[in-house]
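Please treat every number below as a calculation from the coordinates, not as lab data. Note that the structure is predicted; figures quoted are calculated from it, not measured. With ideal geometry, Cβ positions are generated from the backbone for all residues, glycine too; neighbour counts draw on all protein chains shown.
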Amino acid sequence: MTKKEEKVIEMDEKGDFEPKILGFLCNWCSYAGADLAGVSRYQYPPNVQCIRVMCSSRVDPMWILKALTDGADGVLIAGCHPGDCHYVEGNYRTRRRIAALKKILENYGLSDRVFLEWVSASEGKKFAEVITKVTNAIKELGPNPYKKRWEI
Amino acid sequence: MKLNGESPKIGVYICECGINISATVNVEKVVEYARTLPNVTVSRYYKYMCSDPGQALIKKDIKELGVDRVVVASCSPRMHEPTFRAVLEDAGLNPYCFEMANIREHCSWAHAHEKEKATEKAKDLVRMAVAKAKLLRPLEKKEVPVIRTALVIGGGISGIQAALEVANKGIKTYLVERSPSIGGRMAQLDKTFPTLDCSACILTPKMVDVARHPDIELLTYSIVEKVDGYIGNFKVTVRKKARYVDIDKCVGCGRCAEACRLKGRVDDEFNENLGKRSAIYVPFPQAVPLKYTIDPNKCIYLKTGKCGEFPPCKKACEANAINHEQKDEVVELDVGTIIVATGYDLFDPTEKPEYGYGKSNRVITGLEFERLVSSSGPTGGHIEIDGKEPKKVVFIQCVGSRDRKGNEYCSRVCCMYTAKHAHLVREKVRGAELTVYYTDVRAFGKGFEEFYNRVKDEGISYMRRELDDPIEVVEKDGKVVVKADGHPDIEADLVVLATAIIQRKDIGGLAKVLRISQGADRFFLEVHPKLRPMDTATRGIFLAGCCQGPKDIPDTVAQASGAAARAAIPILHGKIDLDPQTSEVIDKNCDGCAYCIDPCPYKALTLIEYMRDGAIKKTVEANEALCQGCGVCQATCPKQGIIVRGFTLEQISAMVQALLGVT
């Protein structure tokens, strides 16, 4: 079997997999960017359900851990670009916090399921691209292995 | 108001939004699904939930069914959250017992071709909102007084108009301008399209009005360095740069500039460096205030500590106004609202070397042409290059705009100012041959098309070229040759580039100070492009003029008047509601570790000690007025000792669990 054929079979097997991804969007940039994506009718996969928070820096790492242990296939955190935080410097804290969290998650093989992205209020197109990218990456990874473990 | 404590009655209202939602999401299925969710008392759908009859449905259920938590699944909360909160308030329910699920922008519009999946997503979003709604608690709004002063940043036509309009409402207004005079770009213009009235003649009376106005305090040669606080109570730090001239003594006679040893040797920015000035100067004769300023980067005395035996400017000044020892002064202003009117820069055509700008003095920008043709300009209004009138002039449009690799936007004013320039050359230079290279003439404003037709009829040839077609301007034998693809070469005496309006190159600092965002085009971003074009996402800060996007003078003046009206509203009200969704310390959980204090960007948290049960208890105290509700404290706290109302740990956790189907 060639590499290409292998790939096709793998895709078919995972074809039915519709990941459930949790998104945290900051109110000022990324949520507004998501609104703009909708207004501009950019189409993206419906797999990411977003929760609006005022600032990305208020995303408690516990929420992310809880989501992953509760079976979310991925978690996206999106905030203002560095330097553009509505609250001056919140996103710098987000950046450090998520980096630390991903380091811990490496031990459990979950670190690739957490995404941190910067999307501004004017980047509707980018928002759609980010959601597409994240969804495809999770489809490639397959379901959260911990979900299965809990199910058994 | 009654609330059903532990077993709230939730009403869920799904909006069809005409067909914006219902064409993709099966609204009836979502309604049916919502009825199965815990604590949901009633679930309905309607064509337009935000309309009067839609609102009446909600009010009726609150009154008749005792609904005490409301979930509306419709558009973005950034759009209609305030609308629905008001509905709850009208019906006697606390407005914060409300949650919104965004099934339009985030669902129906984004998944238009996946109806079933979109319907499932809408169900998820509703389930998450219901889970949060169950845990919502009533919150009390906090009212704070608004300081009765306003600040306008930028003294061009937009800032002038805004300051006059605010001050005319009887509100004390500070106008801060960073250059030595107000007037801005409009002061540099010769005539204005399409009416051809003289720019200075309509601008300078307004400048004088500003100076004379009893309620306007003018701070020129000053920079806004810091903005703290919030709507109603901003604290603004302004640096008044040293002019090295006492403005109370200076009478503006100009003898100092005559005496300056650098007279006629310093590049004159007001004339786009086409003319020369002294090291002590006023930007232009009609400057307001008419007070001289020493250029610290040029003045010999300031640079070397010595200028001949005795500085000649000081010797010449009879009013004894010159003070080389003057220092910057930092002042603090307390203001209720802020209008940003910082104007624009011009695209630098050296970024596109094909236009030959910078290689030949015969290629100039639109603004340079304005100074060249202005009677107050370096040539006294004679159009001349190297002392000779140009007989063949070529105008090239869309330089630095409508460029998919650079500034994609249309700069909006260039078509008309080019038509005006061509007309002015026609008027002043007999027998001149004039060519305009254009791509599309955008004559959209009042009187624009008429003006364009008039100019064309004056024998000015308009030649069309595609934007992507190659064009090159090269110097040859004391002339410049314009080689445009598909057109014969033109040997011209002068080429005028219609350079685009761009955001101020150094605006980043101010954007950070004000905490307002910029779009992809770098212009300041308005909250809503259609319905709130003057508001920024930061409450109490408004936009006027070209800092928000390219505009002509009438649009700028209109927007400035609008921004002034917007900025005056909270001030005239005298008080403002602050969002109660701020931090709250849970004293029983807080052990005073103070981890949260350092991350708080507003210094809203302090560590305190008090006596409890005979022992010292450390805890953190939150200042509601300073807190902006970002919640960094909540995510930092390892002990659940501080929460942000409306976004508590339990509320968000409940949403996460609802999404994942965990109960």
Problem set entry | Along principal axes, Cα extents of region B:212-273, largest first, whole Å | 48, 27, 20
Exercise. Taking amide H positions as placed 1.01 Å from N in the peptide plane, with prolines and chain starts having none, which residues 5 or more places from B:G356, or on another chain, fall under 5 Å of its amide H?
Worked result: B:V473
Exercise. At a Förster radius of 22 Å, what calculated FRET efficiency corresponds to the Cβ-Cβ distance of B:I616 and B:K639, to the nearest 0.05?
Worked result: 0.75
For this session: Count neighbours as other Cβ atoms within 10 Å of each site's Cβ, and list the chymotrypsin sites (Phe, Trp or Tyr not before Pro) in region B:358-446 that are DSSP loop with at most 12 such neighbours.
Result: B:F444
Seminar exercise, completed: Taking a straight Cα-to-Cα line shorter than 17 Å from B:K617, and setting aside same-chain lysines fewer than 8 residues away, one finds B:K588, B:K639
For this session: Can you grab the distance from the C-alpha centre of region B:77-138 to the C-alpha centre of region B:548-615, Å, no decimals?
Result: 25
Seminar exercise, completed: With the 8 Å Cα cutoff and a minimum separation of six or more residues, chain B has a relative contact order in percent of 13
Seminar exercise, completed: So the angle from the long Cα axis of helix B:77-90 to the longest Cα principal axis of chain B, reported in degrees to the nearest 10, equals 50
Problem set entry | Amide H partners (placed H, <5 Å) of B:I339, local residues excluded | B:L151, B:V152, B:I153, B:F542
Seminar exercise, completed: Phi-derived 3J(HN,Hα) across region B:561-577 with the Karplus relation (6.51, -1.76, 1.60, θ = phi - 60°), rounded Hz, x for Gly and Pro, is 5, x, 4, 5, 5, 4, 5, 7, 4, x, 5, 6, 5, x, 8, 9, 7
Seminar exercise, completed: Longest principal axis of chain B (C-alpha) makes with the long axis of helix B:414-428 (C-alpha) an angle, in degrees to the nearest 10, of 20
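Can you give the percent of C-alpha pairs in region A:17-146 whose distance is more than 24 Å? Intermediate values should be presented prior to the final figure.
Values: 1890 of 8385 pairs.
Everything past 24 Å amounts to 23 percent.
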For this session: For A:T132 paired with B:H382, estimate the spin-label separation in nm (one decimal), with each label point 7 Å from Cα along the Cα-to-Cβ line.
Result: 6.2
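So which of B:K263/B:K306; A:K102/B:K117; B:K420/B:K456; B:K359/B:K479 end up more than 19 Å apart, counting from Cα to Cα?
On the way: B:K263/B:K306 17 Å; A:K102/B:K117 30 Å; B:K420/B:K456 11 Å; B:K359/B:K479 12 Å.
Over 19 Å Cα-Cα: A:K102/B:K117.
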Problem set entry | Measure of compaction for chain B (Cα Rg per 2.2 N^0.38 Å) | 1.19
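What FRET efficiency do you get for B:K505 and B:C198 if R0 is 25 Å and r is their Cβ-Cβ distance, rounded to the nearest 0.05?
Numbers: r = 29 Å, r/R0 = 1.17.
FRET efficiency, B:K505 to B:C198: 0.30.
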Exercise. If the cut-off is a Cα-Cα distance under 21 Å, which lysines reach B:K249, setting aside same-chain residues fewer than 8 apart in sequence?
Worked result: B:K240, B:K241, B:K291, B:K314, B:K315, B:K327
Exercise. Going by the alpha-carbon gyration tensor, a ≥ b ≥ c the square roots of its eigenvalues, is region B:110-199 rounded (a/c under 1.5) or, if a/c is not under 1.5, prolate (a/b greater than b/c) versus oblate?
Worked result: oblate
Exercise. How far is helix A:124-141 tilted off the main Cα axis of chain A, in degrees rounded to 10, range 0 to 90?
Worked result: 30
For this session: Label the protein assembly as shown by shape, choosing from rounded, prolate and oblate, from the square roots a ≥ b ≥ c of the eigenvalues of the Cα gyration tensor; if a/c is under 1.5 it is rounded, and otherwise prolate applies when a/b is larger than b/c, oblate when it is not.
Result: prolate
Exercise. From the backbone phi of region B:391-408, what are the Karplus-calculated ³J(HN,Hα) couplings (6.51 cos²θ - 1.76 cosθ + 1.60, θ = phi - 60°) in whole Hz, Gly and Pro given as x?
Worked result: 9, 10, 10, 10, 10, 10, 8, 6, 8, x, 10, 6, 10, 5, 9, x, 7, 6
For this session: Go ahead and collect, in residue order, the members of region B:351-373 whose backbone nitrogen is under 16 Å from a label point 7 Å along the Cα-Cβ direction of B:V474.
Result: B:353-357, B:359-360
Problem set entry | Theoretical FRET efficiency, 1/(1+(r/R0)^6), r = Cβ-Cβ of B:A211 and B:K359, R0 60 Å, to 0.05 | 0.90
For this session: Rounded to whole Hz and in sequence order, give me ³J(HN,Hα) for region B:369-376 from the Karplus expression 6.51 cos²θ - 1.76 cosθ + 1.60, θ = phi - 60°, writing x for Gly and Pro.
Result: 4, 4, 5, 5, 9, 7, 5, 8
Exercise. In terms of modelled amide H atoms, which long-range or inter-chain residues lie less than 5 Å from the amide H of B:V288?
Worked result: B:I182
